[in-house]
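In what follows, a structure is listed as structure tokens, so that the remarks can point back to it.
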Amino acid sequence: MSLTYEERRQTILAQLDIDGKVQVHALAKLFNVSTETIRRDLDRLEKEERLRKVYGGAVRMRSEITEPEFLKRSQMHQNEKQNIGKLAASLIEDGETVMLDNGTTTLEIMRHLKDRADVTVITNFVPILTCALEEFKGTVIFAGGEVNASNQAATGAIAHHLLDQFKVNKAFISAGGVSLSDGITEYNLDEALLSRKMMQRAEESILVVDHSKFGVTTFAQISPIEHISMIVTDSGCSKEWIDAIRELDVEILVGGKVHIE
């Protein structure tokens with residue numbers, strides 16, 4: 001018995017979520033239907049703005065071409081980011097030095113460290129620095145450089161040079177997207193390079209992202225997923241993505257539970 005369009009639609013969208021793309025001939029073989037049927041399915045999904053057709057198949061629609069401003073980002077998925085921040089902060093042990101890159105989720109980590117007098121935080125993100133100066137009992141070091149007013153982060157040669165002076169226990173990295181094919185990506189090249197530098201200067205790199213970032217590819221790659229030690233996310237992360245991360249032998253902390261192959 002052949003599958004209905006709605007049944008094929010669910011499978012196509014699930015594959016797009018994981019792989020970021022689908023191919024006409026592979027789908028035709030999977031569903032045992034003609035390539036013309038698949039092309040009609042993709043036409044309908046494109047009209048629904050769920051994908052964008054390309055030669056030989058389709059790719060996932062990007063929800064954002066450019067990164068939202070800081071204020072807008074801070075209001076998106078607030079509860080999830082707060083939970084991720086609390087979980088991530090609990091991974092920091094007494095006496096450790098950590099790096100936090102520029103992200104609204106890493107800002108939530110800082111908010112959960114305010115009473116940790118024995119922790120040192122290094123950051124390039126002005127809101128994290130401001131938060132630390134107001135509440136943090138530990139030590140904060142600002143990786144200064146050229147500050148972009150829209151994203152409120154320091155980047156460039158000065159920031160890279162300063163980070164090169166340190167070797168830290170953990171780097172907590174945010175991202176614009178996470179894709180199996182394209183890895184961990186960011187909207188801005190300078191920000192991606194700064195996050196990559198933090199990973200290079202840390203013994204352990206931890207990605208902190210809410211569920212909306214999975215299956216998304218943005219402009220510049222930070223690193224392949226396999227270069228991350230752990231991913232901390234929220235309970236909205238799908239089972240398919242948890243399984244996919246486990247296949248890469250990367251730990252994933254979801255809602256307080258560690259999943260590892």
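The values are calculated or read from the model by the stated rules, or taken from the named source; none is laboratory data. This is a predicted model, so every value here is computed, not measured. Every residue, glycine as well, gets a Cβ built from its backbone with ideal geometry; the counts of neighbours run over all protein chains shown.
Quick look at the values:
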item: Odd one out for residue 161, checked against (1) in a strand (DSSP E or B); (2) of a type outside the set (Gly, Ala, Ser); (3) under 12 Å from residue 194 (Cβ atoms); result: (1)
item: Matching option when the condition is of a type outside the set (Lys, Arg), more than 20 Å from the chain's Cα centre (by Cα), under 22 Å from residue 233 (Cβ atoms) and at pLDDT 95 or above, among 113, 129, 91, 162; result: 113
item: Qualifying positions in segment 1-37 - of a type in the set (A, V, I, L, M, F, W, C) and within 31 Å of the chain's Cα centre (by Cα); result: 12, 13, 14, 16, 18, 22, 24, 26, 27, 30
item: Subset tally (residues that are of a type outside the set (Gly, Ala, Ser), surrounded by fewer than 19 Cβ atoms within 10 Å (Cβ to Cβ) and either touching a residue at least 12 places away in the same chain (Cβ under 8 Å) or not assigned by TED's automatic domain parsing to the domain that holds residue 231 (or both)) for segment 128-138; result: 2
item: Filter pass, residue 22 being at pLDDT 90 or above, under 26 Å from residue 239 (Cβ atoms) and either part of a helix (DSSP H, G or I) or not assigned by TED's automatic domain parsing to the domain that holds residue 218 (or both); result: yes
item: Flag for residue 99 being at pLDDT below 90 and either hydrophobic (A, V, I, L, M, F, W, C) or buried (at least 19 other Cβ atoms within 10 Å of the Cβ) (or both); result: no
